[in-house]
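Derivation of every value follows stated rules applied to the coordinates shown; laboratory data play no part. Fair warning: this is a prediction, and the values are worked out from it, not measured in the lab. As a convention, Cβ positions derive from the backbone with ideal geometry for all residues, glycine included, and neighbour counts pool all protein chains shown.
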Amino acid sequence: MDAFLIQGNGPLRGRLRVNGSKNAALPQMAAVLLTDDPVTLRGLPDLADLRSMVALLDELGCIREDEPSAPGAFGPILTLRAEPGGDPHARYDIVRTMRAGICVLGPLVARRGVARVAMPGGCAIGDRPVDLHLRGLEALGAVITLEEGDIVARAPKGGLRGATLFLGGASGPTVLGTANVMCAATLARGTTIIESAACEPEIVDLARMLNAMGAKVRGAGSPRITVEGVERLGGVEHEVMPDRIEAGTFMVAAAITRGEIELENCPLDCLMAATEQLRLSGVEVESDAEGDGWRSTCQVRMARRPKPMQVTTHPHPGFPTDLQAQFMALACVADGNSIITERIFAERFMHVPELGRMGARLSRQGPTVVATGIERLRGAPVMASDLRASAGLVLAGLAAEGETLVRRVYHLDRGYERLEERLAPLGARIKRVEEVK
């Protein structure tokens, strides 16, 4: 099992290009099932989750028309074509490795009339039910049953039909649920109105892709999305948006090591809550005034200990839960007491005891952690529990005194492409090692 061995080594300095977004790419890959024509996605990172989605789509009858450089891998361009009448069963063996496997449910039932999808897996960060996905598809007329651990959705005779539906849940709107219902509605008869839709940029990017395929989606990025159903969708070539969570992680890397990083292809317009918090903490974030807000060039620099922060995660445009662990690592070395509250996933605090092993002074009370900053963390062996917690521990290791061993970095590989190779040119002393059992 791979681990990262990190030697705290002072400021990171250099230039990085932000990769395409994993969270945007996964539902866009699932949307290939909505058409018989080829779909080409550009700007994809080579990630474990995306490789799993390619394997899943292969089982569902999608033919890969690009030429991969190696078996099971793919470069920044991927072309897929869904064969009509393919197998509609997304098996547990693949779906268990990634939560986004549920994204094939809506496209399958819309295009093929039936879908059978195993209950999804992914990170262990608390309960993430799929009931809102199912409620939305039921509103479009799908009949939902649970059979042998699989979700089975069947469209009524004549296909799905438009409806007005509400997708709000206890923790706010559902991003993947919005993607699922929006995709299904593109081929439904009539008009669908999704109230309390997720406003995340990844939904906006998916809507752009669907509209380029011939769909009629309006309002993406707002709480109300309207979809007018069409008879068929065609192929498309689409550039996947940059990964705002990767960009935010690199910003914190500059701040926590008191360094300077220039980021290319940075979606600053999608990161306003995070960049505002960085600025309040004393981090300088300067952008190219002439750049596209979704693909900017920016400089992030820090020369001193950060000021304490107050962070509360919320659905977009609020502070993203996927950056909570990274900002907590930064709070551990802030000059004062910081308060971090998690409002999306109640149990997304498994990195707290691991940071404590590195000397962090953290106290948790329910959904809130109080971090009393110290001058310097200390290296220690730590265990990654999920994707974003892994990133937080790596950042802590970069800022720590001595050696840090981050175990189970397979979690990290789900969302960051060869992170150790990308950070090393910036001065990071980080290498991948095979842990001896």
Exercise. Could you state the principal axis extents of the C-alpha atoms in the chain, from the largest down, to the nearest angstrom?
Worked result: 66, 49, 42
Exercise. So in the chain, what percent of DSSP beta bridges are antiparallel if you round to the nearest 5?
Worked result: 70 percent
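Assigning unit charges at the beta carbon (Lys, Arg +1; Asp, Glu -1) and nothing else, what dipole magnitude in debye, to the nearest 20, does region 361-437 show about its Cα centre?
That gives a dipole near 140 debye.
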Exercise. What percent does the relative contact order of region 22-239 come to when contacts are Cα pairs within less than 8 Å and at least six residues apart?
Worked result: 20 percent
Seminar exercise, completed: With the charge dipole of the chain built from beta-carbon charges (+1 for Lys and Arg, -1 for Asp and Glu) about the Cα centre, the Cα from L355, G86, L134 projecting farthest to the positive end belongs to L355
Problem set entry | Set of lysines near K431 by C-alpha distance (under 28 Å), chain-local residues within fewer than 8 positions excluded | K22
Seminar exercise, completed: On the formula 1/(1 + (r/R0)^6), with r taken between the Cβ atoms of E138 and R364 and R0 of 45 Å, the FRET efficiency rounded to 0.05 is 0.75
Problem set entry | Residues C62, C103 arranged by fewest to most Cβ contacts within 10 Å | C62, C103
Seminar exercise, completed: A correct fewest-to-most ranking of D150, D322 by other Cβ atoms within 10 Å would be D150, D322
For this session: Sort the following peptides by mean Cβ neighbour count (other Cβ atoms within 10 Å, averaged over residues), highest first: 342-350, 165-173.
Result: 342-350, 165-173
Exercise. Among E200, E147, which comes first, then next, by fewest other beta-carbon atoms within 10 Å?
Worked result: E147, E200
Exercise. Where the centre of each part is set by its Cα atoms, how far does region 316-375 sit from region 153-180, in angstrom?
Worked result: 33 Å
For this session: Report the convex hull volume per residue for region 18-114, counting only C-alpha atoms, in Å³.
Result: 85 Å³
Seminar exercise, completed: At 10 °C in a medium of viscosity 1.306 mPa s, region 22-239 has a Stokes-Einstein diffusion coefficient, with Rh taken as the Kirkwood radius over alpha carbon pairs, in µm² per second, of 94 µm²/s
